[in-house]
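*Asks:* Attaching a single structure in structure tokens format; questions to follow.
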Amino acid sequence: MLELTKKVEYLILHRNIECGDRLIADDAVEIRHIGTRLVGSAPELIRHYIELRGIGVVDIQQLFGMSAVREDQDINLVVNLEQWNDQVFYDRLGTNEEFTTILDMKIPAITIPIKPGRNLAIIVEVAAMNNRHKRMGYNAAQEFAKQLDAHFEQMMLSSQLDAADDYDEYESLSGEEEE
């Protein structure tokens, strides 16, 4: 099992770097409040290094090249990972808004339940992309909710029209019986 864990951790790291993600910091992140932004960076001593349990300390810049690291990054999303709990209700639509306060700034936050078999690298990447869409004005959950509302509204209207047609048919049949 330990061998599998080391391999999975390395594969996730390698996959993320191949997809264009870059390491800013591992374990320790220095956060600065600059104007209206929060910026994260690694302390100089551990910059570009990552510790992979079972493998040891790795210099990502030396291993993957300059494109695999970055000096700093705006902090736009806090991702909380927690063990999957069947007793907890997790947001399925993405309409709940959570925030974490860091240095007196509210930062969007999400909680992702984890369990074996879930591809954590891709899930976190999709969460980051979805957050970017929200910052740029598109919210997929809100769009989906609008489509659901329109669909149910159409169903209600259709149902009302059907009921009215049934009533008209009943009235016409009732009128024929009286004659």
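*Asks:* How many of the residues making up the stretch 115-153 are out of contact with any strand residue (DSSP E or B) (no Cβ under 9 Å at 6 or more places or on another chain), assigned to a helix (DSSP H, G or I) and hydrophobic (A, V, I, L, M, F, W, C)?
*Replies:* Summing the residues that are out of contact with any strand residue (DSSP E or B) (no Cβ under 9 Å at 6 or more places or on another chain), assigned to a helix (DSSP H, G or I) and hydrophobic (A, V, I, L, M, F, W, C) in the stretch 115-153 gives 11.
*Asks:* Sticking with this structure for a sec: Return the only residue of Asp86, Asp72, Asp104 being modelled with pLDDT of 90 or more, out of contact with any helix residue (DSSP H, G or I) (no Cβ under 8 Å at 6 or more places or on another chain) and over 28 Å from Arg32 (Cα atoms). Spell out how you get there, then give the answer.
*Replies:* Details: Asp72 fails: over 28 Å from Arg32 (Cα atoms); Asp104 fails: over 28 Å from Arg32 (Cα atoms).
The match here is Asp86.
*Asks:* For the stretch 41-71, what are the residues that are over 15 Å from Gly20 (Cα atoms) and part of a strand (DSSP E or B)?
*Replies:* Within the stretch 41-71, Ser41, Tyr49, Ile50, Glu51, Leu52, Gly56, Val57, Val58, Asp59 meet the criteria.
*Asks:* Based on what the data block shows, is Asp86 charged (D, E, K, R), more than 13 Å from the chain's Cα centre (by Cα) and in a loop (DSSP other than H, G, I, E, B)? Quick ask: steps written out before the conclusion?
*Replies:* Values: charged (D, E, K, R): yes; more than 13 Å from the chain's Cα centre (by Cα): yes; in a loop (DSSP other than H, G, I, E, B): yes.
Considered against the rule, which asks whether it is charged (D, E, K, R), more than 13 Å from the chain's Cα centre (by Cα) and in a loop (DSSP other than H, G, I, E, B), Asp86 comes out as yes.
*Asks:* Give the stretch 37-58 a look and list any residue that's surrounded by fewer than 16 Cβ atoms within 10 Å (Cβ to Cβ), of a type in the set (Val, Ile, Thr) and either touching a residue at least 12 places away in the same chain (Cβ under 8 Å) or under 11 Å from Val69 (Cβ atoms) (or both), or say none.
*Replies:* The answer is Ile46, Ile55.
*Asks:* On to the next question. List pairs: first residue in the stretch 64-80 and on the phi < 0 side of the Ramachandran plot, second residue charged (D, E, K, R) anywhere in the structure, Cβ distance under 7 angstrom, at least six positions apart or on different chains.
*Replies:* Going by the 7 Å Cβ cut-off, the qualifying pairs are Ala68/Arg22; Val69/Arg22; Arg70/Arg22; Asp74/Arg37; Asn76/Arg135.
The values are calculated or read from the model by the stated rules, or taken from the named source; none is laboratory data. Model, not experiment: these values are computed from the prediction. Reconstructed Cβ throughout: ideal geometry from the backbone, glycine too, with neighbour counts over all protein chains shown.
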